[in-house]
Amino acid sequence: KLRMSLPADLKAPIHTNVSLKSYTTFKIGGPARFFAEPETQDELRHVLEYQRLEGLAVFMIGRGSNLLISDAGFSGLVLSLRKLSPQQYSVDADGLFRAPGGMSLFQLALLSQKHSLAGAEFLCHIPGTVGGAVAMNAGFGRPGQSYREIKDIVGSITVLDLDGATKTLRREEIGFEYRKTHLPPHSIVLEAIFRLTPKPKS
């Protein structure tokens, strides 16, 4: 039995029986019993409060790149993070680029170019969000050229756990390996700070 009605008692929208086909690049997958796509950290915290009250299993997705979801769907809460403050970012004179977890990597690459910062060009070839890329240490390289990974440009990240607590992790605390990291279970990457290199404007 639900302890809250949906969505009247919530400050963030949670939907029921949402098909996940529209949320993956493969366009397959069954329904999520509960589905939320928060746009702000406040909305995210309210969704997690509901998740804790109901004791729901949670499954997090970004842009759903290369993600296979069963036709049976998911019986808990699917949390889409692709709209989590994607337009909020900052850049300083030393080349530190603060990006929200929901920002697409392509947008990050374009914005870094706009601000005359080098180092993030390889990200334009990788689908997905900043949060997902950090969690899996996404990388890209062409034959005969250098291979770059997220770990090469990350300075630190801020994560949120399912209890609503935030923590900042330095690069060496993330535990980067090939295509994975050692983040605490169910960590949500709220933002990442990338160390990029200022370059002269052409």
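The values are calculated or read from the model by the stated rules, or taken from the named source; none is laboratory data. Everything numeric in this text was worked out from a predicted model, so none of it was measured. Note: ideal-geometry Cβ built from the backbone for every residue, glycine included; neighbour counts use all protein chains shown. Accessible surface areas use protein heavy atoms only, side chains included; no ligands, DNA or RNA. Shrake-Rupley method; radii C 1.70, N 1.55, O 1.52, S 1.80 Å.
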Quiz item: Looking at T158, T168, which is the one that is assigned to a strand (DSSP E or B) and touching a Lys or Arg at 6+ places or on another chain (Cβ under 8 Å)?
Solution: T158
Quiz item: Is it the case that some residue within segment 91-98 is of a type in the set (K, R), under 30 Å from R52 (Cβ atoms), open to solvent by 20 Å² or more (accessible area, probe 1.4 Å) and touching a residue at least 40 places away in the same chain (Cβ under 8 Å)?
Solution: yes
Exercise. List the number of the failed condition for S22; all other conditions in (1) buried (at least 19 other Cβ atoms within 10 Å of the Cβ); (2) farther than 24 Å from E191 by Cβ hold.
Key: (1)
Quiz prompt | strands (runs of 3 or more DSSP E) fully within segment 27-114 counting 2 or more residues that are over 24 Å from A138 (Cβ atoms) and out of contact with any helix residue (DSSP H, G or I) (no Cβ under 7 Å at 6 or more places or on another chain) | solution = 31-36, 74-80
Practice problem: Give the residues of segment 127-137 that are closer than 20 Å to R170 by Cβ, touching a Lys or Arg at 6+ places or on another chain (Cβ under 7 Å) and open to solvent by less than 20 Å² (accessible area, probe 1.4 Å), sorted by residue number. | Solution: N137
Quiz item: Does S116 satisfy being in contact (Cβ under 8 Å) with a residue 60 or more places away in the chain, of a type in the set (S, T, N, Q) and closer than 23 Å to K83 by Cβ?
Solution: no
Self-check item: Residues located in segment 55-73, provided they are among the aliphatic types (A, V, I, L, M) and either closer than 7 Å to G29 by Cα or modelled with pLDDT under 90 (or both)
Solution: L67, L68, I69
Exercise. Please specify each residue of segment 115-126 satisfying the condition of being under 17 Å from G155 (Cβ atoms), outside any helix (DSSP H, G or I) and either open to solvent by less than 20 Å² (accessible area, probe 1.4 Å) or modelled with pLDDT under 95 (or both).
Key: L117, G119, A120
Self-check item: Members of segment 138-147 that are open to solvent by less than 40 Å² (accessible area, probe 1.4 Å), touching a Phe, Trp or Tyr at 6+ places or on another chain (Cβ under 9 Å) and in a loop (DSSP other than H, G, I, E, B)
Solution: G141
Exercise. Could you list, in sequence order, all residues of segment 44-76 that are charged (D, E, K, R) and open to solvent by 50 Å² or more (accessible area, probe 1.4 Å)?
Key: R45, E49, R52, R63, D71
Quiz prompt | Residues of segment 160-202 satisfying the condition of being without any contact (Cβ under 8 Å) to a residue 40 or more places away in the chain, within 24 Å of F59 (Cα to Cα) and either open to solvent by 20 Å² or more (accessible area, probe 1.4 Å) or in contact with a helix residue (DSSP H, G or I) (Cβ under 9 Å, 6 or more places away or on another chain) (or both) | solution = D161, A165, T166, K167, T168, E173, G175, F176, H182, P184, P185
